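Visitor: Input: one structure, supplied below.
The values are calculated or read from the model by the stated rules, or taken from the named source; none is laboratory data. Quick caveat: nothing in here was measured; it's all calculated off a predicted structure. For neighbour counting, all protein chains shown are included, and Cβ atoms are generated from backbone atoms with ideal geometry for every residue, glycine included.
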Amino acid sequence: MNGLNTAGRLAIALVVGLLAAAVGWMLFVAFPTSTAELFGVLLAIGVAVGGLRFGGSIAQSVFPAYNAVEVAVEGAITRDGGGGIPIRAPGSASADDIVELIEEADADENAEALVLKLNTPGGAVVPSDDIRLAARAFDGPTVAYTTDVCASGGYWIASGCDELWAREGSIVGSIGVRGSRMTASGLLEKAGLKYEQLTAGEYKEAGSPFSELSDDERAYLQGIIDDYYEQFVETVAEGRDADPETLRDTEARVFLGEEAAEMGLVDQLGTREDVETRLEELLGSAVETTELKPSVGLGERLRGGAQGVAYAFGAGIAARFDDPSGEFRFRL
């Protein structure tokens, strides 16, 4: 099938190119007017080159060079990567970008299968679920595979795919939820400052970094974390047809790929090439994969460069404890 597509693309490109060359020759060489013959030859060559490119575009649409699409989820999972401190690795796509790419693949008639590359420690709850839902909605086989890390929110995403592959040395699991906050009340006291906030609603200020948690506030926030945890377990159990108690028994631990496979957390161990072989079995034909990446403007490139410097100096680590607003955060 791939050989036929390649031959078809070459044939269409050559035919269109020859037609363009013939037209160019007639217009600029065979029937010259006031243009010098040399310039006519150059123009004919230019038309032929343009025709070859145009023919190549037509050939690509008639005989596509791919039948599977790969989308990568790398770094910490965030909604849009905004905020003062970068909490995702520079260059990684936001959750919204990833969802858009998956939906683009689903709308592509040439994309018969989706490959989701996962190398992420997790991240925000709802953005992780958005990616999972997009993968689950894809019309065709969906295979997730992890290179280094598929933890927490990454595993949540994987539960929306038909299969999860990993390497023997991959880190998999961390089925759990955490809530984090920093407390600056002691620092304010030493500085002679006092924080006062007017609110309506008993728990409106729960989790504020400028005051200590009361027992009731702690129980309230822990209840939210517990609810998220139950949602996590139920989502993974349903998506991967797993026993919820087995998932709870992991106690949010991570496992190397081989042990994860023995526990049923991973379907198969293998390389990227093994994943393509599996796709060929699922599709019943040879597989050619193209990777979709989000378009990045100049502003985002400059921002990414600045974030790279900040990340190198530890801002990425600091962001794991709190966000710039000081709000209590829930993360997978």
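Visitor: If a residue must be not polar (S, T, N, Q) and not in a helix (DSSP H, G or I), how many such residues does the range 255-275 contain?
Guide: So in the range 255-275, the residues not polar (S, T, N, Q) come out as 255-267, 269-270, 272-275.
Right, trim to not in a helix (DSSP H, G or I) and you get 255-256, 264-267, 269-270.
Result for the range 255-275: 8.
Visitor: Inside the range 115-128, can you point out the residues that are of a type outside the set (Gly, Ala, Ser) and either within 12 Å of the chain's Cα centre (by Cα) or outside the structural domain of Asp274 (by TED's automatic domain parsing) (or both)?
Guide: At the first step, the residues of the range 115-128 found to be of a type outside the set (Gly, Ala, Ser) are 115-121, 125-127.
Val115, Leu116, Lys117, Leu118, Asn119, Thr120, Pro127 - these are the residues of the range 115-128 that are of a type outside the set (Gly, Ala, Ser) and either within 12 Å of the chain's Cα centre (by Cα) or outside the structural domain of Asp274 (by TED's automatic domain parsing) (or both).
Visitor: Run down Asp162, Asp148, Asp108 and say which single residue is surrounded by fewer than 21 Cβ atoms within 10 Å (Cβ to Cβ), out of contact with any helix residue (DSSP H, G or I) (no Cβ under 9 Å at 6 or more places or on another chain), in the same structural domain as Ala286 (by TED's automatic domain parsing) and under 18 Å from Gln268 (Cβ atoms). Please lay out each step first, then the result.
Guide: Details: Asp162 fails: out of contact with any helix residue (DSSP H, G or I) (no Cβ under 9 Å at 6 or more places or on another chain); Asp108 fails: under 18 Å from Gln268 (Cβ atoms).
The match here is Asp148.
Visitor: Let me ask you something else. Within the range 119-150, which residues are under 13 Å from Asp106 (Cβ atoms) and in a strand (DSSP E or B)?
Guide: Thr142, the sole residue that qualifies.
Visitor: Another one. Any residue in the range 106-119 that is of a type outside the set (D, E, K, R) sitting within a Cβ distance under 8 Å of a residue that is surrounded by fewer than 16 Cβ atoms within 10 Å (Cβ to Cβ) and assigned to a strand (DSSP E or B)? List the pairs, counting only those 6 or more apart or interchain.
Guide: Short answer, once both residue conditions are applied: Asn119/Asp148.
Residues are listed down the side, and each one gets a yes or a no for (1) crowded, with 17+ Cβ neighbours inside 10 Å; (2) among the hydrophobic types (A, V, I, L, M, F, W, C); (3) more than 22 Å from Leu332 (Cβ to Cβ); (4) modelled with pLDDT of 95 or more:
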position: Ile171; (1), (2), (3), (4): yes, yes, no, yes
position: Leu193; (1), (2), (3), (4): no, yes, yes, no
position: Leu198; (1), (2), (3), (4): no, yes, yes, no
position: Ser208; (1), (2), (3), (4): yes, no, yes, no
position: Tyr220; (1), (2), (3), (4): no, no, no, no
position: Ile225; (1), (2), (3), (4): no, yes, no, no
position: Ala237; (1), (2), (3), (4): yes, yes, no, yes
position: Ala260; (1), (2), (3), (4): yes, yes, no, yes
